[in-house]
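In what follows, a structure is listed as structure tokens, so that the remarks can point back to it.
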Amino acid sequence: MEQALIVENLKKSYGKFEALHGISFEVAPGEIFALIGPNGAGKTTALRIVATILQPTSGTAHVYGMDVQKDAARIREVISYLPEEAGAYKNLTGLGYLSFMAELFASDVAVQREYVQRASDITGLGERLRDRIGTYSKGMTRKLLLSRAVMTHPKLAIIDEPTSGLDVVAAIDIRESIRRTTAEGMAVLLSSHNMLEIEYLSDRVAIIDKGTIHDVGTPQGLKDKYGKANLEEVFVQVVRQ
Amino acid sequence: MRRFFVILKKELKEMVTWQTLVPILLIMVIYSFLGRTINQEQKKQAAPQPITVVDLDRSQTSEMLSSILTKANFKVTTVTEGTIDDIVRRVVSEKGSAVLVIPQGFETGIQAQRPQKVQTYTIMRNFSMMGIQGTFRMDAALSAMNEYIGDMYITSRAPELDPAIVRHAVTSQSFITVGTTSAEGDPQEIVGLVMQQTMIIPIVLFLVIIMAAQMIAASIASEKENKTLETLLSTPVARGALVTAKMMASGIVALVSAAAYMVGMKSYMGSLIGSSTGASATAVQAIQKLGLVLDLRGYILLGLSVFAGIMVALSIAVILGAFAEDLKSVQILIMPLMMVVLLPYLITMFIDINTASPVLKWLIYAIPFSHPFLAAQFIFAHNFTMVIGGIIYEFALFFVLAAVAARIFSTDRILTMKLNTARRGSSLGGWTLQREGISFRIRRKQG
């Protein structure tokens, strides 16, 4: 079966600074794949390249066989990207925002309505969707944005730090939403520095630090391999090696 | 195309908020109010001003002078008795504006051909432009009095001479020539009439350019600050459509705002030039004969030049907006653009482009915003080559700048290029711009 994402020897430099030193990994359809590492490890850069908003310095990334550089426009039709700490247009209502984003992806009004309905169900914000986004809490905004990211049935959702800055209850809601929506076959590439969250959420993880992937495996497989109780301890050992 | 309109609609919704509408409406109302107030004040000034003439001479000549003052638009009250101090005090208490004292022996002195001195008291109650106008009119009254007495001398010494011949032996019949056509008229009046047709254009242009540039740069900066731009860039919207929709929305809002400003400004400007609007029939005929009235072709050329100028400003603002990290930095980035717009506005107002040195002339031509300011002048001078040349230059520059803007949006520069207002220590692939004590640092963001 064709892989959702294949990244090969991906490098990215900002001037003289090399943020990615040639990373490689693959994501299967329906799989939740996480890049875990500290701030500045290169996770966001990798996600932005896959989301076609940054160009790699060298190496390749293919989404369902399409090259991120040559086929960027086609890739944007089948992916959705949720940046870390992203905001929404504060003057729009929640519904207005969902409707605007749905219109960008939908082929006709019926499809647009279906997208908005799906997102409204996922958010669980109910009547608050009729209020201006400027009045939302951080958790509500994140739920709105996550539902926006998955409402179009993307083949690959790219989510940067899904629960960054959220309280425990909101974070659990977001994680469960991601889990539920992948049941339909959507692949997810996400990044986090919260390794416990990743352990709960991901099928496989890649440990990344200073632009290099040190190991890839299932959370359980990595824990067994390094003889550690959780991914945080695995990460520390892998990085120290 | 459908996605373009979706973005355009969103941009308009974002830009047209109460925060943007209230200042526009407020300025419109303030200007209208100012205009009406000034208009009313001018009407008051145009009405005959009261003057108290203290006629201590009680002669035929002094009476004649009073009638001359009436002709000079004064409402004369004559007083023949009392001390000057008392009279002035009374006039002040009765809200009068001036007192003229004709001394005793005035007529005798005039007849003996000795210079005579009258005293004038101008009662100042405020020091505004309107408040001091009465003093100037008093000078006019004295000139009229001198002319009358001068005529009297000429008639008594040389009854066969017409005083008008003595005073104005040479008069002129003025003609104005534009190109190869000549027409009779007063050059100052003609220039005034021509300026009235176009004086509003630089103000509109300046407002539209600055407003549109600020809006688009702020729109991009705000999208970057809120990270909504990253989301937009990952959607199936073509980058060109994204840039064009932003430019068009800013242009529309700026034009509508400018129109609203103009409603207020028209009333304000109308009041400032109100007194000079009564053009003579000769002047009106002259500007028509000389082709100094904007016809359809003139309006089209002028419109194209203004439109191209706005497009250039918008494309520059997109590029500047790409450097902005937040709304605060937009103000700093837009400032040089404001200077570039203001420069030709001032230069073309005070310098004759035809007599300027070649270096200055080409410098002015190189600034794209000079052309909309100069277009009207060139159209009136029938120099269409310069107008069309200017429009071509503006559009050429717009296409180059728009291509640069689209290129920035289609690469990762839109996210990686940043301008920081604070200097940082070490640099990693960045560079610093320093000018006149202000330090900017442009760097590439690290992921």
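Can you give me the accessible area per residue for the protein assembly as shown, using a 1.4 Å probe, in Å²? Display every interim value, and only then the final one.
Details: 33170 Å² over 688 residues.
I get 48 Å² per residue for this part.
Per the Cauchy relation, a quarter of the hull surface: what is the mean projected area of the convex hull of the alpha carbons in the range B:269-398, in nm²?
Details: hull surface 41.6 nm².
Convex hull of Cα atoms, orientation-averaged projection: 10.4 nm².
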**Request:** Give the calculated FRET efficiency between B:Arg2 and A:Lys138 to the nearest 0.05, with a Förster radius of 41 Å applied to their Cβ-Cβ distance.
**Result:** 0.80
**Message:** How many angstrom lie between the Cα centre of the range A:16-47 and the Cα centre of the range A:191-207?
**Reply:** 12 Å
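At 15 angstrom or more along the helix axis (alpha-carbon based) and mean Kyte-Doolittle of -0.5 or higher, what helices does chain A contain? Whole DSSP H runs only. Don't jump to the answer; show the numbers that get you there.
Details: long enough: A:94-105 (17 Å, 1.19); A:109-123 (21 Å, -0.34); A:138-151 (19 Å, 0.18); A:168-182 (21 Å, 0.19).
Both cut-offs are met by A:94-105, A:109-123, A:138-151, A:168-182.
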**Request:** With viscosity set to 1.567 mPa s and temperature to 4 °C, compute the Stokes-Einstein D of the range B:48-169, Rh being the Kirkwood radius across alpha carbon pairs; µm²/s, no decimals.
**Result:** 84 µm²/s
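Expressed in nm to one decimal, what extension gain is obtained for the pair B:Thr120 and B:Asn146 from 0.36 nm per residue of sequence separation less their Cα-Cα distance? Display every interim value, and only then the final one.
On the way: separation 26, 0.36 × 26 = 9.36 nm, distance 1.48 nm.
In short, 7.9 nm is gained.
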**Asked** With no solvent and one point on each alpha carbon, what is the Debye value of log10 I(q)/I(0) for chain B at q = 0.06, 0.08, 0.09, 0.13 Å⁻¹?
**Response** -0.45, -0.70, -0.80, -1.19
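If R₀ is 60 angstrom, what is the calculated FRET efficiency for the pair B:Ile165 and B:Val16, using the beta carbon separation as r and rounding to 0.05? Each step should come with its number before you reach the end.
Numbers: r = 69 Å, r/R0 = 1.15.
For B:Ile165 and B:Val16, the calculated efficiency is 0.30.
Over both sides of the A-B contact, add up the buried accessible area with a 1.4 Å probe and give it to the nearest 100 Å².
Working: alone 11130 and 25110 Å², together 33170 Å².
Summing both chains' loss of accessible area gives about 3100 Å².
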**Approximate spin-label separation B:Leu346-B:Ile203, in nm, with each point projected 7 Å along Cα-to-Cβ** = 1.9 nm
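Which whole number of Å³ per residue matches the convex hull of the alpha-carbon atoms in the range B:163-226? Spell out each step's value before the answer.
Details: hull volume 7.9 nm³, N = 64.
Spread over its residues, the Cα hull of the range B:163-226 gives 123 Å³ apiece.
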**Request:** With everything on Cα atoms, drop me the angle between helix B:296-323 and the longest principal axis of chain B, reported from 0 to 90° to the nearest 10.
**Result:** 50 degrees
**Prompt:** Hey, can you list the residues from the range A:92-130 whose accessible area shrinks by 50 Å² or more with all protein chains present, relative to the chain by itself (probe 1.4 Å, no ligands or nucleic acids)?
**Reply:** A:Phe100, A:Glu103, A:Leu104
**Request:** Enter the angle in degrees (range 0 to 90, nearest 10) between the Cα long axis of helix B:84-93 and the first principal axis of the Cα atoms of chain B, meaning the one along which they spread out most.
**Result:** 40 degrees
**Prompt:** How long is the gain from B:Glu184 to B:Arg297 if the chain were fully straight, where each residue apart is worth 0.36 nm and the alpha carbon distance is subtracted?
**Reply:** 38.2 nm
**Prompt:** When each pair of different Cα atoms in the range A:123-238 is counted once in the 1/r mean, what is the Kirkwood radius in angstroms, to one decimal?
**Reply:** 15.5 Å
**Request:** Return the whole-Å distance between the Cα centroid of the range B:376-421 and the Cα centroid of the range B:293-356.
**Result:** 10 Å
**Request:** Can you tell me the alpha carbon radius of gyration of the protein assembly as shown divided by the globular rule-of-thumb value 2.2 N^0.38 Å?
**Result:** 1.44
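Calculate how many DSSP beta bridges within the range B:48-169 are antiparallel, expressed in % of all such bridges and rounded to the nearest 5. Please list the in-between numbers first.
Values: 4 of 15 bridges.
Taking every DSSP beta bridge with both residues in the range B:48-169, the antiparallel ones total about 25 percent.
Within a 10 angstrom radius of each residue's Cβ in B:2-9, how many Cβ atoms of other chains show up on average? Whole number is fine.
For peptide B:2-9, the averaged partner shielding equals 3.
Relative to 2.2 N^0.38 Å, what does the C-alpha radius of gyration of the range A:156-212 come to as a ratio? Two decimals please. Don't jump to the answer; show the numbers that get you there.
On the way: Rg = 11.5 Å, N = 57, 2.2 N^0.38 = 10.2 Å.
Taking the Cα Rg and dividing by 2.2 N^0.38 Å, one obtains 1.12.
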**Asked** If we count every other residue with Cβ under 13 angstrom of B:Ala402's Cβ, Lys/Arg +1 and Asp/Glu -1, where does the sum land?
**Response** +2
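Stretched out fully, how many nm does the piece from B:Gln113 to B:Phe399 gain, at 0.36 nm a residue minus the Cα gap? Intermediate values should be presented prior to the final figure.
On the way: separation 286, 0.36 × 286 = 102.96 nm, distance 7.74 nm.
In short, 95.2 nm is gained.
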**Request:** Quickly work out the B:Asp326-to-B:Val256 label distance, labels modelled 7 Å from Cα along the C-beta direction, and quote it in nm with one decimal.
**Result:** 3.0 nm
**Asked** Angle, helix B:187-198 long axis vs. longest principal axis of chain B, Cα atoms, 0 to 90°, nearest 10?
**Response** 30 degrees
**Item:** Value of [θ]222 nm, deg cm²/dmol, for the protein assembly as shown, DSSP H segments ≥ 4, -39500 (n - 2.57) each, nearest 500
**Value:** -18000 deg cm²/dmol
**Message:** Give me the residues in the range B:226-251 whose solvent-accessible area, probe 1.4 Å, is reduced by at least 10 Å² once all protein chains are included instead of the chain isolated.
**Reply:** B:Asn226, B:Lys227, B:Thr228, B:Glu230, B:Thr231, B:Leu232, B:Leu233, B:Ser234, B:Thr235, B:Pro236, B:Val237, B:Arg239
**Fill in**
Rounded to a whole %, the carbon-and-sulfur portion of the accessible area of the range B:48-169 at a 1.4 Å probe is 54 percent
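Only bridges whose two residues both fall in the protein assembly as shown count here: according to DSSP, what percent of them are antiparallel, nearest 5? Don't skip to the end; give the middle numbers.
Values: 38 of 67 bridges.
About 55 percent, rounded to the nearest 5.
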**Message:** Can you give me the long-range amide H partners of A:Tyr14? Hydrogens built in the peptide plane at 1.01 Å from N, cutoff under 5 Å, separation of 5 or more residues or another chain.
**Reply:** A:Ala19
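The values are calculated or read from the model by the stated rules, or taken from the named source; none is laboratory data. In this text, all values refer to a predicted model and were calculated from it rather than measured experimentally. All Cβ positions, glycine included, derive from the backbone under ideal geometry; neighbour counts span all protein chains shown. Calculation scope for accessible area: heavy atoms of the full protein, side chains included, ligands and nucleic acids excluded. Shrake-Rupley method; radii C 1.70, N 1.55, O 1.52, S 1.80 Å.
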